[in-house]
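A short write-up of the structure that comes next.
The values are calculated or read from the model by the stated rules, or taken from the named source; none is laboratory data. Keep in mind that this is a model prediction, so the values were computed, not measured. Here the Cβ is made from the backbone with ideal geometry for all residues, glycine too, and neighbour counts use every protein chain on show. Just the protein is used for accessible areas: all its heavy atoms, side chains included, with ligands, DNA and RNA removed. Shrake-Rupley method; radii C 1.70, N 1.55, O 1.52, S 1.80 Å.
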Amino acid sequence: MIDIPFLSLDYQHWQIKAELNAAFADVVGRGSFILGEEVSTFEKEFATYLGAGYCVAVGNGFDALYIALKVVGVGSGDEVIVPSHTCFATWQAVMHAGARPVPVEVDTNTFTLTPSSIEAVITPRTKAIVAVHLYGYPCAMDAIMAIARSKNLLVIEDNAQGHGARWKGKTTGSWGHINATSFYPTKNLGAMGDGGAITTQNADWANKARACRNYGALEKEKYDDEGINSRLDELQASFLRIKLKHLDEWNGLRKSTAKRYAYMLAGVGDVVLPFLGNNESEPVFHQFVIQTAYRDRLLKYLRDKGIGTAIHYPTPCHLQKACGKLEIVKGELPVAEKLSETILSLPIWPGLSAADVEIVAREIKSFFSSSYL
Ligand SMILES: *Cc1c(COP(=O)(O)O)cnc(C)c1O
């Protein structure tokens, strides 16, 4: 019986178990759980890893996006350009900030928004662009920054799926005016609970974000701004510090898996393989997403064989009920709509063995040569 889960974190955690236990004991021993030295040290280490200037750690990726938008002044009446195909949190954060998400279709090879499509939707109300490095694929950041400069727009990177990715040699999360990320446990760099961070080269925005995550206070009991409560805690920061040291190695394992799938699945059925990167684009394979017209049947076939898969994401953002007020009707974003029907994410976690990757590929081949079609 095959038993290959879509995702397992066991390998990561087994590898660093002693360090995690020691970190837990240290934090408990110190008795400081909120905004202590683990958080400030992690902020420095993560900013250094990205080459991103300042880092402000917060409670989760949604809050990171929301705070980033607020800090740069995005609010009511503003339009924010977002990819049509992304995690719903991206759109939800824009709406929560009071602005209107304005979608542009993504490139189906890299799953990211294209600079040329951005220009077509800019209006006098456009204030910002959220560049999402979906599935670990870096957006074409130099071109996006150039458009933003010429049209006086702000760029916010959503780097939740792109930890360690590079565009033209420079890491994602270090390009935008202000950037947000998530450390949800399943991300390439994941906490053991919720977590997120904002990065920016702008000291003033970093200070504003620092205040915003703590009720608007930079100093104890001195509330200069409006704010929320969204703090990374000391335990999560200590775990993230340990995991950050392994991020490149774990991303390397993801890349080997991606190459192996691509090799084994070339020319199989109608499968469209994802982009593997090139000199400009160094993805980190947060997901390995194939496209096929037989998606639902393939998913069921693999599930029956004992192989887990997932769909990121089954409903396009604009067709979610929460977006009703945007009045974007079915048919308006055909690329996103088609992707939601054809995409399938295959298992790609660090620690997934080469033998298991070959089993997944073999079963996909057998599906396409069988009468299930
Ligand atoms: C996970 C994710 C988020 C939200 O992060 P949370 O920590 O779950 O709030 C936002 N954007 C993208 C692209 C994500 O993958």
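Summary table below
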quantity: Apportionment of accessible area to carbon and sulfur, region 1-86, percent (1.4 Å); calculated: 56 percent
quantity: Unit charges on C-beta of K, R, D, E only; dipole of the chain, Debye; calculated: 420 debye
quantity: Within the accessible area of region 231-373 (1.4 Å probe), percent carbon and sulfur; calculated: 51 percent
quantity: Coil-residue trypsin sites (Lys or Arg not before Pro) of region 205-236, DSSP, other Cβ within 10 Å capped at 15; calculated: K220
quantity: FRET efficiency, D296 to D142 (Cβ-Cβ, R0 45 Å, nearest 0.05); calculated: 0.70
quantity: Inter-probe distance in nm under a simple model that places probes 7 Å from Cα toward Cβ, at K330 and L7; calculated: 2.9 nm
quantity: Per-residue SASA entry for D248, accessible area with 1.4 Å probe, Å² rounded to 10; calculated: 100 Å²
quantity: Distance from region 172-241 to region 13-71 (C-alpha centre basis), Å; calculated: 9 Å
quantity: Rounded accessible area of D224 (nearest 10 Å², 1.4 Å probe); calculated: 110 Å²
quantity: DSSP-defined beta bridges in the chain - what % are antiparallel, rounded to 5; calculated: 60 percent
quantity: Rel. contact order, % - alpha carbon contacts under 8 angstrom, at least six apart, the chain; calculated: 21 percent
quantity: Accessible solvent surface per residue of the chain, calculated while the other protein chains remain in place, 1.4 angstrom probe, Å²; calculated: 42 Å²
quantity: Expected-Rg normalisation [2.2 N^0.38 Å, Cα atoms] applied to region 1-61; calculated: 1.51
quantity: GluC sites (Glu not before Pro), loop per DSSP, at most 10 other Cβ atoms within 10 Å - longest free stretch of the chain; calculated: 1-220
